1. Less than 15 Å Cβ to Cβ from residue A:51, Lys/Arg counted +1 and Asp/Glu -1: what total charge do the surrounding residues give?
2. Quick one: which residues, 5+ away or cross-chain, put their amide H under 5 Å from the amide H of residue A:437? H built at 1.01 Å from N.
3. Taking DSSP loops as anything outside H, G, I, E and B, show the longest stretch in chain A free of GluC sites (Glu not before Pro) there with at most 16 other beta carbons within 10 Å.
4. If you take every DSSP beta bridge whose two residues both sit in segment B:86-141, what share of them, in percent to the nearest 5, is antiparallel?
5. Rounded if a/c is under 1.5, else prolate if a/b beats b/c, else oblate: with a ≥ b ≥ c from the C-alpha gyration tensor eigenvalues square-rooted, which is segment A:431-499?
6. Would you grab the residues whose amide H sits under 5 Å from the one on residue A:165? Only those 5+ places off in sequence or on another chain, please, with H modelled 1.01 Å from N.
7. Give me Rg/Rg_expected for segment B:131-235, where Rg uses Cα atoms only and Rg_expected = 2.2 N^0.38 Å with N residues.
8. Report the net charge of residues surrounding residue B:192, where surrounding means a beta-carbon distance below 13 angstrom and charges are Lys +1, Arg +1, Asp -1, Glu -1.
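Each value in this text was obtained by applying a stated rule to the coordinates, not by laboratory testing. The structure displayed is predicted, hence computed values, not measured ones. Here Cβ is always computed from backbone atoms with ideal geometry, including for glycine, and neighbour counts include all displayed protein chains.
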Amino acid sequence: MPGPVQGVVIEHQLASRLRSRRFRPRASPVQILQRLLVLLNLWPFEGLLRALYRVALRRVIGRVAAHPGVQAVYGTGSFFDGGRCLLGLSDVDFFIVLRPAVERLDLDRLEIGALYERERRLFPFLGPWYEKEQSLVFLGEVARGFPLLESFRIRASQGRLKLIAGEAVPAALLEGCGSLRDAVVEAESLLRVAASRRDVHSANLRFWKKLFDKLLGCARIAGLHAFERCARAREDLKFLEEDEAALYFRRADPAEQFERFDALARELFAQIALQAPSSDIEVQVEPASLVEARAESPALAALGRRIDFAVRTLPPGRLGPFPRFSQIAIEEPLTVLGLRGPLHTGLRAAMAALAAHGAEDESWLVEAAISYLVVKLEGGVDVFPLSPLLYPDLGARLAGAPGRFSAVRALHQEERSLARGALRALGTLYAQHDGRIHKLPFPCIYREDDRVVLRDVWHRLRGLVALEEGREISDPRALAAHLGHAHPRSAAFLAELADWSLHLNGHGPARRFSNNLFRCAHQFMAKVLEGGRDIEVMPHQIHLGLSVGIITRDRAADLREALQSLTSQARPPDEVYVVDNGSTDGTEGVLADFKSLLPLRHVHLAEASIPKARNAVLEGAAHEIVCFTDDDCVLDPGWLAAIERAFLRADNIGVVGGFVQHHQAPERSTVDSYYGRYHHNTT
Amino acid sequence: MIIELPFDTSKSPVLRRYRMAFFHFSNNNLAIRKSCARDLGGYDPAAKKSEDVDLCFRLAQSDRWVALREQGVTVRHKARRSFGAMVRQLWGWGFHVGWPYRKTGLRGVHLYWFSNRRRKIAADLELFPGLPFLVCAYFTDLHAAFAAGVASAASAATGHSAAAAALAGLFAFFFWRYTRDDRETGLPPWQALKLGATHLLINAVFSAAVLLGGLKHGVILLPATIIPTKGPELG
């Protein structure tokens, strides 16, 4: 699991969504069992199965609902709708609504998951936690301004939420559910399921009936009743009227059905665009210099051996005209694939090639009427459909004709208002995390990935500028200059932040950067996202008092080397406090030699006890931060500077550690090899 | 080296996990805020050579303070200069590590299967939370090989030759898996053999030290096999 670090924790919602929504195939024995269960959906077994479901729900949901963090549990799916459902297949789903005081980072989420999994052991048909985790509704986040889960909104608008336990969510929360945007987002997620499910799931007609029914449900939400009637009357969709159990045993050609589904979705989007009032939107988009190029990528080469396609690249930027909550940031030039064959075949081949040969986070855009973003993630590949309704600018970008495009007004306004709410909510999160790391139970050691933190910062700032000013500025330096103009007191900080980001990503030269940029970035984000003017942040270079503590005993030569490495620190120590734990060699002389080179103090402690000696350092050191090292260590020149930078990140950082590497002995030996391979480089 | 606090069920009806994510900060590269040290009560003289493990465990259990690993906080540490010094160091460290575990107040049986190949805990099991003492054991390929070897010898001694042969096969299987790290050193065969033998001996010394030291402190601990790592991973 990636370290839950402060910067990442501050939302990085997309990553968590991407990771946890990833499709995981079921093992084939489960499929066989499912077929048997479907056969049991007949009298009298059906009644027995239904009773078993009820027992399972009472037991598992009862336990989950009893957790103090849970406000309500809603059931959804055909089991709760009262209609025909295929027991044994996953027709039971639920939303767990968490009380406003519960944060995404809190322990409750883990606890509820553990509780659920423990109870589910007897009832595996309820589905694993990683699926249910996607249906957690955090009322606290909604209160802050983050949007309510779209799937929850859709089902609420369809009247398909049944309160199973707890107290219902406030009615005001459900106002406006079932908007046009909800319908489009739902249709996108259905396309994602259609594109990503493996043949083992999609090779029966029941799978497609569910998808088509849901897609036509979206048409109903959008008010396109005639469209729905026409679709249902189509000869090739006649199977929608048939019984699910029978359809489960009828084979379907996934490629053929996917093309049909994709076509119906296109028609639906076109109808929405036709019927809903549109506006011409003008957004200054940087020229999309699409180039015919075959990027150097093993995955692309592997794909080239299977299918025929053209490759172009799209410059870094955003996808979508507004900073969407689940917006996808394109940090590197994006590979765009123009397929010269069926979409389904191309998508499957792209997914397979990325899964087998792709680099982490490698992404391709498969260009089509509805384009698909295929992303390689840790341990898998995921697909995201980009509908022309929610990404109306994509066509213009791909055509290299930026500037003006047409968007459905209602969607545009809702996206805009959601973006505003989400950015403001992010601002409160940044403020909340300014100088404080949220303590998690696991892991106990935190680690910041500055590249991720800054990637998110620039991504959100780009979104903010696009939203407020209708301008697209991708380059961090240009963005920093633009924002610096509006916030002159932060201009110097922003310029340095941009340089640091570029350096971290290998695009800028190395130099000594200020040590408090991380925290300043949090402060700036907290204020700018809440609409602050001429923002001022704390100084971006701060000096903390650092004492270095060394315990030594009879290692005069090693101590000399350790002290020597302290003299060449980029950030010199404020004090070096040495405790001589009873040396009888020339340690005294070594210390005398360094008196003039380092702010050195030393004491003798006759009793040979390392913990007592360390406590003596803690008591005697003049400064608040005590940096312990050993007399047989050699320090990297940036050691103290890095420690100072680490403590500045937050006020509740008690301990900072790092990396212990192997110091090669002058003469090779088995002992030295053992330490190098098994002992060092670990802690 | 795996240092992990097992689940603690005493403070909550459900699982509450404190993990050191396989690693703790050793004292040769640890910076601490004085106010944090005061809060935690400083170093414990009774912890002897595991004072850093003890401090990190207390920090993990503290609601207030967090530990952070920072890029660039790097030291290079020298190896012990002789075989005897190396064995003494591992013995001393292992013998005293039971004390920090004892101090956590955790109880019950906590069993882990540590996958050498995947470099992570592949399975865990918590039993008997009401037990008045702590049992914390990590099983790996080496332990499985050891158990199969002992069982094979016992079967052979009691005349069950078919069972003995099957268990010997299991021994070979697990031992082969364990030696993967030693086979992939890229060293000449003789040196690789010496390194592998040293690794095996150190594992035996360290396990014995942890087990015996743990018993002295009233806990039953079995450490995971020492494995090479490319760098710290956070669980």
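1. Charge balance near residue A:51 sits at +3.
2. Amide H neighbours of residue A:437: A:651, A:652.
3. A:1-166
4. On the way: 7 of 13 bridges.
Here the share of antiparallel DSSP bridges comes out near 55 percent.
5. prolate
6. For residue A:165, whose amide H was placed from the backbone, the distant partners under 5 Å are A:73.
7. 1.27
8. +1
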